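Here's the structure, in structure tokens; my notes come after.
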Amino acid sequence: MKVALVYPPSCDPTAPYLSLPTLTGYLREHGVDVVPIDANVEAYDRLLRRDSLELLAERLWRRLQRLERNARLTHVEQLAYVALCDARADAASAPGRIDAAVALLRGQRGADAFFDPERYASAVATVDSALRLIAAVHTPLVLDFVRYRTPFSLLTAEEIAADAEPARNPFHEFFSGELCERLRAEQVGLVGISVVFPGQLQPAYSLAHALRRLLPDVHLTVGGPAITQLLTRLEGRALERAVGPFHSAILFEGEAALLEHVQALERGEPRTGVYKGGQAQNMAALPGPDFRGLPLDKYLSPEPVLPYDPTRGCYWGVCTFCHYGLAEVGTAGYRERPVAHVLEHLRAIAARHDCRLFYFSQDSVSPKTMLRIAREIRSAGLPWRWATDMRPERSLTPERCDELVAGGALAMALGVESAAPRVLALIDKGVPVDTVRNAIGNLARSGIAVEAMCFTDFPTETYPEALATLEFLDEQRDDLSLFICGEFDLTHGSLVAQKPEDFGIRRTWKIEGDELGTGLFYEERREKSDDEREQIDAALADLSQKWRLSHYPWAGALSTAHTLLWYEHHGPQIFKQLAETPVPELPRFRGRPPRYDLEALRRRAHAREADIWHTLVHERSRVSRADYRALADACPTAQPRPRGPAREPARSRPVGRRGRRAPNGVNSTRPER
């Protein structure tokens with residue numbers, strides 16, 4: 001049986017993720033014929049072209065013109081009208097600029113262009129503009145390289161099927177056309193879809209619906225961290241409906257379980273329903289990841305930055321906020337590959353793909369293990385550079401940090417979390433603030449680019465404690481290359497969710513109508529006031545001005561392929577050096593002003609939408625299309641403004657600053673703050 005392994009949108013198109021190469025390497029070692037397909041990068045390769053965007057721009061103008069002709073706009077039409085109007089500049093400029101932008105990001109315009117701050121920022125702005133155009137045409141879709149969400153995403157099997165329809169799915173043409181034809185030509189008997197991040201969930205379901213219709217004889221299975229965390233919470237009829245268009249699902253670590261699945265199908269055994277992976281894999285017995293067959297030339301990067309997993313799981317594994325990866329609760333158990341195997345695998349990957357930059361991708365690796373790997377790299381005289389995530393341990397002494405650099409260390413992302421001692425104790429972080437401060441300083445002085453990962457709003461955190469974290473980041477500014485500060489979000493498998501009363505949470509609840517249980521909501525005994533939240537946001541905005549921060553996956557976001565390339569080319573201080581350099585903007589829309597008062601619609605419609613969802617989630621604890629429609633229909637309609645409208649005022653687009661690099665959990669119906 002030939003097996004196709006598919007990695008669906010929507011996520012990072014600048015580098016491959018580890019899941020497909022890991023499964024591919026294991027299956028190939030056991031004699032299985034594997035076709036790996038990164039449908040994420042291939043779908044975006046098809047969308048991010050001039051001809052594709054021109055067709056989308058035409059759709060935007062047609063839809064907007066239909067709304068313009070209306071004598072009045074309902075609440076839902078107002079939201080669509082605002083989204084379409086806001087994307088007019090994108091429709092006008094992105095198609096003509098996209099081919100040059102993609103060429104620059106792939107390095108086809110030369111290294112000088114990729115590493116030029118102004119030209120790079122212009123290319124990124126063009127790709128972001130294209131994403132806004134794609135999302136607006138499919139409004140109310142929210143789409144980027146992290147998120148894929150509609151207001152009713154993943155609530156029920158019916159909503160999942162509805163979001164898979166062509167008009168709602170920007171990937172439909174690629175799924176039903178090019179991808180389906182390739183699978184048919186390859187004559188695969190099984191398609192395994194790997195769902196790692198929340199933003200891939202709905203596209204994975206949409207792909208499965210298309211394949212069930214067009215390739216009815218092919219067995220469809222699904223696995224990966226995001227689907228594992230979703231399905232482990234369900235049982236009975238709810239679980240059956242959640243599996244939906246897939247014939248089967250494989251939860252937790254997939255290598256051995258997927259091989260067994262393939263062999264059972266080859267024997268003619270029926271394989272439907274949910275299967276759980278067995279014992280955690282022995283890392284010493286696993287082959288290295290196999291990237292052969294992936295389209296490395298299509299990633300939006302001038303050279304490959306490839307992931308590798310020297311370890312799995314987290315050796316600390318007790319942080320109370322954490323539910324991450326292939327685990328029902330908390331994190332997976334910690335295991336390591338033998339260092340000799342690590343070097344053997346990396347040599348093979350480097351030689352086969354002309355790769356010199358690696359990202360060691362795992363939950364958290366022991367500093368001692370990375371030190372052993374660095375010593376072997378140095379001893380062998382290998383020219384590799386690498387980055388990874390790490391706990392800011394006491395063992396990161398100046399001498400050991402120097403050894404890490406000598407062995408190729410380029411960047412470290414540290415889980416700082418908070419600088420408030422009481423909050424750190426509640427988190428069970430196990431690392432005092434002084435130890436974190438020393439680790440940051442030692443790593444930075446050795447020449448490593450240090451990135452800090454933090455968050456505010458842990459239950460019972462006070463206003464002064466939130467400010468303490470921001471003040472700590474400001475104090476460490478000279479030693480920090482980048483930082484991120486997200487907001488705490490309650491995830492199902494964390495200790496906080498299991499014992500909320502121990503963390504100052506008055507109640508948690510799910511909402512009726514959320515069949516898949518994607519939303520988990522909570523109320524603290526004492527919450528920060530709106531004024532305190534505004535002050536924290538203002539302080540964070542002021543702090544962020546001291547770096548040129550970017551959003552995932554571009555240079556200036558934590559641990560991305562582009563950021564690592566920029567560290568190596570410009571040095572670890574580059575994003576502070578660029579802090580005062582203005583970011584170029586795309587041209588503004590200069591056409592005829594809209595018939596409706598856009599600023600008034602934007603303000604009122606968004607406020608009413610937030611009120612609707614607050615009523616559904618927090619007051620009624622029930623969500624359905626009927627409930628939503630009743631509240632939306634009760635909202636005032638909008639009428640065109642009188643003739644001779646004033647010129648529409650210019651406005652800026654603030655860059656979001658919240659959120660982690662690799663989001664935990666699955667999509668929530670809770671509106672963003």
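With respect to SER301, determine if the residue is over 30 Å from ASP217 (Cα atoms), at pLDDT 95 or above and among the polar types (S, T, N, Q).
Working: over 30 Å from ASP217 (Cα atoms): yes; at pLDDT 95 or above: yes; among the polar types (S, T, N, Q): yes.
Taking the combined requirement at face value, the residue satisfies it.
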Margin query: With the structure loaded, tell me whether GLU451 is surrounded by 18 or more Cβ atoms within 10 Å (Cβ to Cβ), modelled with pLDDT of 95 or more, part of a strand (DSSP E or B) and of a type outside the set (Val, Ile, Thr) or whether it fails that test.
Written below: yes
Notebook entry, point to check: How many residues does the range 383-408 contain that are within 21 Å of PHE483 (Cβ to Cβ) and hydroxyl-bearing (Ser, Thr, Tyr)?
Noted result: 1
Checklist line | Subset of the range 567-624 (residues that are closer than 30 Å to ALA387 by Cβ, surrounded by 14 or more Cβ atoms within 10 Å (Cβ to Cβ) and of a type in the set (D, E, K, R)) | finding: GLU568, LYS576
Notebook entry, point to check: Is at least one residue of the range 72-82 of a type in the set (Phe, Trp, Tyr), in contact with a strand residue (DSSP E or B) (Cβ under 8 Å, 6 or more places away or on another chain) and closer than 25 Å to LEU190 by Cα?
Noted result: no
Note to self: Report every pair of residues separated by at least 6 positions or lying on different chains whose Cβ atoms are under 7 Å apart, first residue within the range 318-336 and free of Cβ contacts under 8 Å to residues at least 40 places away in the same chain, second part of a loop (DSSP other than H, G, I, E, B) and surrounded by fewer than 21 Cβ atoms within 10 Å (Cβ to Cβ).
What the structure shows: THR331/GLY317; TYR334/TYR315; TYR334/GLY317
Notebook entry, point to check: Across the range 330-356, what is the number of residues that are assigned to a loop (DSSP other than H, G, I, E, B) and acidic (Asp, Glu)?
Noted result: 1
Check: Just for helices (runs of 4 or more DSSP H) wholly inside the range 531-626: which have at least 3 residues that are under 24 Å from the mean Cα position of the chain (by Cα) and within 23 Å of ASP128 (Cβ to Cβ)?
Finding: 561-570
Next item on the list: Quick one: which helices (runs of 4 or more DSSP H) lie wholly within the range 211-295 and hold at least 2 residues that are more than 28 Å from the chain's Cα centre (by Cα)?
Entry: 236-243, 255-266
Checklist line | Given (1) crowded, with 21+ Cβ neighbours inside 10 Å; (2) closer than 14 Å to SER10 by Cα; (3) in contact with a strand residue (DSSP E or B) (Cβ under 8 Å, 6 or more places away or on another chain), index of the condition TYR120 fails | finding: (2)
Next item on the list: Taking ASP144 as meeting all but one of (1) surrounded by fewer than 22 Cβ atoms within 10 Å (Cβ to Cβ); (2) free of Cβ contacts under 8 Å to residues at least 60 places away in the same chain, write down the number of the exception.
Entry: (2)
Check: List, please: which pairs have Cβ atoms under 9 Å, are six or more places apart or on different chains, and start with a residue in the range 457-472 that is in the same structural domain as SER529 (by TED's automatic domain parsing) and exposed (fewer than 15 other Cβ atoms within 10 Å of the Cβ) and end with one that is basic (Lys, Arg) and in a loop (DSSP other than H, G, I, E, B)?
Finding: THR462/ARG526; THR462/LYS528
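The values are calculated or read from the model by the stated rules, or taken from the named source; none is laboratory data. In this text the structure is predicted, and so the values were computed from the model without any measurement. Virtual Cβ from ideal backbone geometry, glycine too; neighbours counted across all protein chains shown.
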